[in-house]
Amino acid sequence: MAGFKSTEKYIATRDLEVAVNAAVTLQRPLLVKGEPGTGKTVLAHGVDELAIQLRGEAAGGAWRRGGGWFPFLGH
């Protein structure tokens with residue numbers, strides 16, 4: 001199964017990778033706080049892409065984006 005990792009657009013600490021992957025696995029929200037410009041929105045987009053990949057794998061690649069962020073977290 002795929003997991004969240006740093007990308008070219010977002011360099012995550014190991015602790016953040018673990019926290020994001022735990023939230024995804026447990027299907028629970030993750031509160032991300034920080035000053036403006038620290039990458040919270042870029043992180044959210046990265047997690048959204050992970051959700052799309054995971055949904056696609058779970059549906060045999062047939063799942064498509066339904067709009068909104070974090071569709072796997074109870075929406």
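Readers should treat all values here as calculations from the given coordinates under stated rules, not as data from a laboratory. Given the structure is predicted, the values throughout are model-derived calculations rather than measurements. Virtual Cβ from ideal backbone geometry, glycine too; neighbours counted across all protein chains shown.
Here the 3J(HN,Hα) profile of region 40-48, calculated from phi with Karplus coefficients 6.51, -1.76 and 1.60 at θ = phi - 60°, is 4, 5, 5, 4, 4, 5, x, 5, 4 Hz, Gly and Pro shown as x. Taking amide H positions as modeled 1.01 Å from N, with prolines and chain starts lacking one, the residues under 5 Å from Ala12 and 5 or more places away or on another chain are Ser6, Thr7.
Place a point 7 Å from Cα of Glu49 in the direction of its Cβ. Which residues in region 1-31 have their backbone N less than 12 Å from it? Residues passing the 12 Å test: 4-11. Per-residue Karplus couplings for region 27-39, computed as 6.51 cos²θ - 1.76 cosθ + 1.60 with θ equal to phi - 60°, are listed in order as 6, 10, x, 10, 7, 10, 10, x, 5, x, x, 8, x Hz, Gly and Pro entered as x.
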